[in-house]
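Following: one structure in structure tokens, then a few remarks.
Coordinate-derived values only; no laboratory data. The structure displayed is predicted, hence computed values, not measured ones. A quick note on method: Cβ atoms are made from the backbone with ideal geometry, for glycine too, and the neighbour counts reach across all protein chains shown.
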Amino acid sequence: MAHVQKFTKGNMQGLSIHLDRKTENHSNEDIDNERTHLNYDLCEKEGDTLSRMNERLDEVYCMDRKDVKACCEWVVTLPESLKDASHEHQRTFFENTYEFLSDRYGGEQNVISANVHNDETTPHMHFDFIPVVWDAKKEREKVSAKEVLTRAELKNFHTELDKHLKERIPEIYQEGILNDKTIGIENIHSLKKHSAEIEEQKKVMAADLKRFKKPKDVFDKVDGNAEKKTVGIMNKKEVVVLLKKDYENLGVLAKSSIKSDYQFENYKSVAENKIGDLEKSKKGLEGKVERLEQKNTYLEREKQLIKSDKIQQQRNAVVYKSILEDKEPDLEISESEFKGRLILHSLERDGMPKDKAEGLNWLEILEENKINQTIPQNRLGKAIDKLKLFLEKFIKRVKTADFSLDGLKEKDKEINQQTKLKKSKSYDMER
């Protein structure tokens, strides 16, 4: 279902032409140009595969040699069980596979292509990435395919991808990928070869451990069998004579110790590389979180702007609806009429001011519109009467001694006089 390849920088120009479908003349006869429009790239970066690779290589250290494997590619084929599935389910499979691969190989910053090809015999995805690891000694990122695609990595890859997909999309992915079409390291023969080598090494180590389970016992036995002699007349030296069997045992024990030291250093190196990869993955995830937070902030601002604009649109709709209810509407209105029609809309739908101050302000605006005759008098009169009745009840409820209906009428007169005065001054200025 998946196999891996490595490419040098020199291979990438031709690979980019194939992946990005830059030509309609293909050497692969299985490509159907009429279905090429169904292809898509899950790596949503600018540029093509080649330019993305060059951009990432400018950020990390890569040996200047023609044989350096600067790019690795997993080709993941759609499982048999999903070939008849809907386009949405197939895309879901590739999206979750992309997520697994991206997180596994250092984050999206290392991804240069994730082209899904639907124009060939079977849908498949080319996931191309730069194999970047952390060089702890020189404290920098470097390109190293052999440190990324180790035997352990290739051995565990399919199992872990299978587990990831079963956890993330169990509704469409159930049968798994570990079938007769699964390809391991390069092919099944090489996988069996490496497995045989591992088993043989295990047997050798087990034999050494069984034979020399306690090195101290070996040395004690050799020391007990040893014959110590003094040789030389002038310069006397003490020598130890060993049995041939004891001598051979010491040699084997020494070699076993050297082998253990070598294996320890090898395991240590692998562990350090793994830690470096995890640190790199952590940095990639932190960058992804930061980008998501920035995006969330931007969306929050957009939401506030849309909400503000929506409120204004609702207010405009209320006003113009009120205008259209009149027999002879005039869409060119003043600020005073705009406010008056909002108040009129609220009163006609049983909306009331929140307190006395707001009620008096409403009354002043309505009286001004009454004098200017900007709103039909029948609607305006009903609204003013309703507002006055509300104010009268409000006054009685709060038991305000210094305010009565008579005082309200006086206030109306005062408002009318002030409005007439303003209108008169405005008229004189125009003249």
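Table for the structure above
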| quantity | calculated |
| --- | --- |
| Residues of the stretch 39-62 with amide N under 17 Å of a point placed 7 Å along Cα→Cβ from residue 290 | 59-60 |
| Formal net charge of residues neighbouring residue 145 (Cβ-Cβ distance under 10 Å; K, R +1; D, E -1) | +2 |
| Residues with amide H under 5 Å from that of residue 71, placed H, sequence gap 5 or more | 7 |
| Computed label-point distance, nm, for sites residue 64 and residue 274 using a 7 Å Cα→Cβ extension | 3.6 |
| Other-chain or far-sequence residues with amide H under 5 Å of residue 112's (modelled H) | 128, 129, 130 |
| Ranked packing of 112-121, 22-31, most packed first, by mean Cβ within 10 Å | 112-121, 22-31 |
| Nonlocal Lys pairs with alpha-carbon distance under 24 Å, the stretch 22-148 (8 or more apart, or different chains) | 13 |
| Per-residue Cβ neighbour rank within 10 angstrom, fewest leading, 220, 277 | 220, 277 |
| Stokes-Einstein diffusion coefficient of the stretch 23-119, Kirkwood radius over Cα pairs, 25 °C, 0.890 mPa s, in µm²/s | 158 |
| For the stretch 136-146, 3J(HN,Hα) per residue [Karplus equation, 6.51 cos²θ - 1.76 cosθ + 1.60, θ = phi - 60°, Hz, x = Gly/Pro] | 5, 5, 9, 6, 7, 7, 9, 8, 7, 5, 5 |
| Whole-Hz couplings from phi, Karplus 6.51/-1.76/1.60, listed for the stretch 58-74; x for Gly and Pro | 5, 9, 10, 8, 9, 4, 7, 9, 5, 8, 5, 7, 8, 9, 10, 9, 9 |
| Distance (nanometres) between label positions extended 7 Å along Cα→Cβ at residue 382 and residue 34 | 6.8 |
| Theoretical FRET efficiency, 1/(1+(r/R0)^6), r = Cβ-Cβ of residue 41 and residue 314, R0 45 Å, to 0.05 | 0.60 |
| Full-stretch length increase - residue 13, residue 26 - with 0.36 nm per residue and alpha-carbon distance subtracted | 3.2 nm |
| Spin-label pair residue 356/residue 75, simplified geometry with 7 Å Cα→Cβ offset, distance in nm | 8.6 |
| Contact order normalised by residue count of the stretch 2-186, Cα under 8 Å, 6+ apart, percent | 28 |
